[in-house]
1. Which condition does residue 240 not pass, out of (1) of a type in the set (Lys, Arg); (2) crowded, with 16+ Cβ neighbours inside 10 Å; (3) modelled with pLDDT under 95, if it passes all the others?
2. Can you name every residue in the stretch 413-446 that is open to solvent by 60 Å² or more (accessible area, probe 1.4 Å) and not in a helix (DSSP H, G or I)?
3. Got at least one residue in the stretch 251-264 being within 30 Å of residue 367 (Cα to Cα), open to solvent by 20 Å² or more (accessible area, probe 1.4 Å) and small (Gly, Ala, Ser)?
4. Please work out which one of (1) of a type in the set (Lys, Arg); (2) within 21 Å of the chain's Cα centre (by Cα); (3) over 28 Å from residue 294 (Cβ atoms) is the condition residue 164 fails and give its number.
5. Which numbered condition trips up residue 382, out of (1) touching a Ser or Thr at 6+ places or on another chain (Cβ under 7 Å); (2) open to solvent by less than 60 Å² (accessible area, probe 1.4 Å)?
6. Exactly one condition in (1) in contact (Cβ under 8 Å) with a residue 40 or more places away in the chain; (2) over 20 Å from the mean Cα position of the chain (by Cα) is false for residue 423; which is it?
7. Quick one: residue 144 ticks every box in (1) at pLDDT below 95; (2) among the small types (Gly, Ala, Ser); (3) open to solvent by less than 20 Å² (accessible area, probe 1.4 Å) bar one, so which box is it?
8. Looking at the stretch 288-338, which of its residues are surrounded by 19 or more Cβ atoms within 10 Å (Cβ to Cβ), of a type in the set (Ser, Thr, Tyr) and at pLDDT below 95?
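The values are calculated or read from the model by the stated rules, or taken from the named source; none is laboratory data. These numbers come from a predicted model, not from an experiment. Cβ: placed from backbone, ideal geometry, glycine included. Neighbour counts: every protein chain shown. Just the protein is used for accessible areas: all its heavy atoms, side chains included, with ligands, DNA and RNA removed. Shrake-Rupley method; radii C 1.70, N 1.55, O 1.52, S 1.80 Å.
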Amino acid sequence: MIVPSLSLPQDELRRITGAYCYEERMLFFLLTLRRPGVEVVYLSSAPVDAATVDYYLSFLDDPAEARSRLHMINLGDTGATQLTESLLRRPDLLARIRAALDRTTDAWMVPFIVSEHEERLSALLNLPIYGPASRLASFGSKSGGRTLAEAAGVPVARGFSDLRSLSEVEHAARALNPAARLMVKLNNSYSGLGNAVVTRGDGPLSASPTSFSAPDETWVTFAEKIAERGAVLEEFIEERPLRSPSALAMITPGGSCHVVATHEQILGGQNGDVYKGCVFPAAADYRAEVQECAGRVARALAERGVVGLFGVDFFAIKTDAGYRALLCEINLRLGGTTHPFGAALLTTGASPGGQTGLVSGERPKYYVATDNCASDGLLGRTPADVVKFVNDSGLGFDRDSRTGNVLHLLGAIHRYGKLGFTSIGDSPQEAADLHDRTLRALCESA
């Protein structure tokens, strides 16, 4: 049972265009229907367009048979309330889910993130969760991530954790000399939207030149969030270009740990710290270092009882001896690199191995992915329109070569003129060229 509820701080979620459509990023799990006997229950706030479901099933050998094992259940609601929270007030839908689950004795829940709402749903359905218990959520906060990294022997940027007021942040800033620029990060935020970059002045931080990642943030609103959520203060990493690799790791219920993928994050926004997409795999110069550090983090989390898929973000800093990885944050949930990796893995039939970490047949696979392809020319168009356009333009997925594009966020096209896609190639250049051609084609289409 796939539960893509965005159980996250809602003030930041509202800043993302078409946020509720991000529930569709987990639709790649429909590709697990390739295995006979697998059934998928997929929950969503609003109905998923039938053409979008058809699109994902088209990657399978027998779409009609796979559809008989798929149960799409929606709330018929795109309001402000989170999916799982709303579902708990719908006994009719809970009964439908129980009926679908009664068909099997081996079922589990895969949530985007685990909060108390997902845990309550799990208890009502007597369904185990593949994800970290909410009592362990602090390890996914900025302060908790720094503390765990230090325990695991993974270096972090110079800074201070567990700051609970603007005055504590000010005091920490004075102690962090001689850094000219500082980064303040809210404990619980995502996509870089809870960050502020401060250029140190003679007066207090709140009077110093400050660049907030969220466009409508001020020190008044930011101070309120620091008091509510806590924050960390770190030395700003000045190295440019800033290399921001990320690792995707998993911990099984038995405590086995695996680093399944590495990525280069594509960042944008005013401070260059807002997630826009990714490139697979991370650069060879520091891929092994990132894997090693992520493995240490995963083992430390496993010792504390964490299970599930999660992301670990780093800074890669060049030194005379090579590159050094500094932990940036732990995302104790499915992150922005999860759906591209899942789509590439399941469409190509790849397996772990080789120089990239993903091999299909005898060929290593590479990809470039984005969540942020947006154009006014896409407004008003339907998922079926865009799928046909991509396929007719020769940009779709080729099952023989196991290369091409896998689309996602199709539900955001009509109203927001926005979608995402993962461009898969047999070389880094092939993936990058395909990605660039697809961006141009979609943004120029009318």
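1. Only one criterion in (1) of a type in the set (Lys, Arg); (2) crowded, with 16+ Cβ neighbours inside 10 Å; (3) modelled with pLDDT under 95 is unmet by residue 240, namely (2).
2. Going through the stretch 413-446, the residues open to solvent by 60 Å² or more (accessible area, probe 1.4 Å) turn out to be 414-416, 428-430, 433, 436-437, 440, 444, 446.
446 - this is the single residue of the stretch 413-446 that is open to solvent by 60 Å² or more (accessible area, probe 1.4 Å) and not in a helix (DSSP H, G or I).
3. Here is the first cut: in the stretch 251-264, the residues within 30 Å of residue 367 (Cα to Cα) are 251-253, 255-264.
With open to solvent by 20 Å² or more (accessible area, probe 1.4 Å) added as a condition, the list becomes 252-253, 255-260, 264.
Still in the list and also small (Gly, Ala, Ser): 255-256.
Checking the stretch 251-264: at least one residue is within 30 Å of residue 367 (Cα to Cα), open to solvent by 20 Å² or more (accessible area, probe 1.4 Å) and small (Gly, Ala, Ser).
4. Among (1) of a type in the set (Lys, Arg); (2) within 21 Å of the chain's Cα centre (by Cα); (3) over 28 Å from residue 294 (Cβ atoms), residue 164 violates only (2).
5. (1)
6. (2)
7. Going through the list (1) at pLDDT below 95; (2) among the small types (Gly, Ala, Ser); (3) open to solvent by less than 20 Å² (accessible area, probe 1.4 Å), residue 144 breaks only (1).
8. 323
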